[in-house]
Amino acid sequence: MKKIILNLAVTLDGYIEGPNGEIDWCIMDGDANFNDFLDSIDSIFYGRISYDLWGNYQPGEEEDELMKSISQNINSKKKYVFSRAKANDDTDAIFIHSDIEKKVNEIKNLPGKDIWLYGGAKLISTFLNEGLVDELQLAVHPVILGSGKLLFSEITDRVWLTLKETKSAPSGVVQLIYSVKEK
């Protein structure tokens with residue numbers, strides 16, 4: 001069965017965005033091997049707002065080759081969008097608006113690679129609260145924002161984790177990889 005993996009950048013104080021939605025604090029470290037992660041998945045789960053912002057991002061000419069490669073890799077994946085407000089768009093994305101747990105489990109049972117839970121924060125909380133996340137890969141960045149959008153703001157019960165691995169990069173980014181303990 002496929003795993004659902006939350007892979008996300010977060011500040012030391014737990015924010016995924018600054019107070020105005022900024023992510024300029026996020027260090028794109030070539031040592032992070034993000035394309036290796038992308039090669040291990042075949043699907044991405046988005047909330048509607050995250051999908052609208054990033055689901056079809058196309059890098060500009062000024063972007064470096066690493067960002068172009070990452071964007072191309074992301075755009076080659078099957079995309080699922082969880083939304084109550086939007087039923088479709090002009091892309092191949094599949095929109096899900098009801099029976100989330102049932103549909104997620106159907107997708108997990110399809111053949112193929114793992115699934116990236118991209119976010120946003122509300123979707124991540126929903127998945128954690130429903131016990132749908134198998135692994136967390138959090139890239140903790142060496143910055144304290146003090147305000148913004150918290151990663152874990154709507155969790156209803158404790159979620160117990162087991163540390164599988166840590167990795168550090170020269171930039172100061174530390175990746176923490178946890179498996180989620182079953183309830």
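The values are calculated or read from the model by the stated rules, or taken from the named source; none is laboratory data. Source: prediction; values computed, not measured. Positions of Cβ are backbone-derived with ideal geometry, glycine not excepted, and every protein chain shown enters the neighbour counts.
Among the residues of region 61-111, those that are part of a helix (DSSP H, G or I), touching a helix residue (DSSP H, G or I) at 6+ places or on another chain (Cβ under 9 Å) and among the aliphatic types (A, V, I, L, M) comprise LEU66, ILE70, ILE74, ILE100, VAL104. Considering only residues in region 113-138 that are buried (at least 20 other Cβ atoms within 10 Å of the Cβ) and in a strand (DSSP E or B), the one that is modelled with the lowest pLDDT turns out to be GLY119. If you filter region 139-149 down to residues that are in a strand (DSSP E or B) and of a type in the set (A, V, I, L, M, F, W, C), you find that the one that is surrounded by the fewest Cβ atoms within 10 Å (Cβ to Cβ) is VAL140.
To keep it simple, each residue is scored yes or no on (1) part of a strand (DSSP E or B); (2) of a type in the set (A, V, I, L, M, F, W, C).
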site: LYS2; (1), (2): no, no
site: VAL10; (1), (2): yes, yes
site: CYS26; (1), (2): no, yes
site: LEU38; (1), (2): no, yes
site: TRP54; (1), (2): no, yes
site: PRO59; (1), (2): no, no
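Scanning region 88-112 for residues that are of a type in the set (A, V, I, L, M, F, W, C) and either touching a residue at least 60 places away in the same chain (Cβ under 8 Å) or farther than 15 Å from TYR46 by Cα (or both) yields VAL104, ILE107, LEU110. May I ask you to verify whether ILE107 is closer than 17 Å to TRP54 by Cα, modelled with pLDDT of 95 or more, among the aliphatic types (A, V, I, L, M) and surrounded by 17 or more Cβ atoms within 10 Å (Cβ to Cβ)? No, not satisfied.
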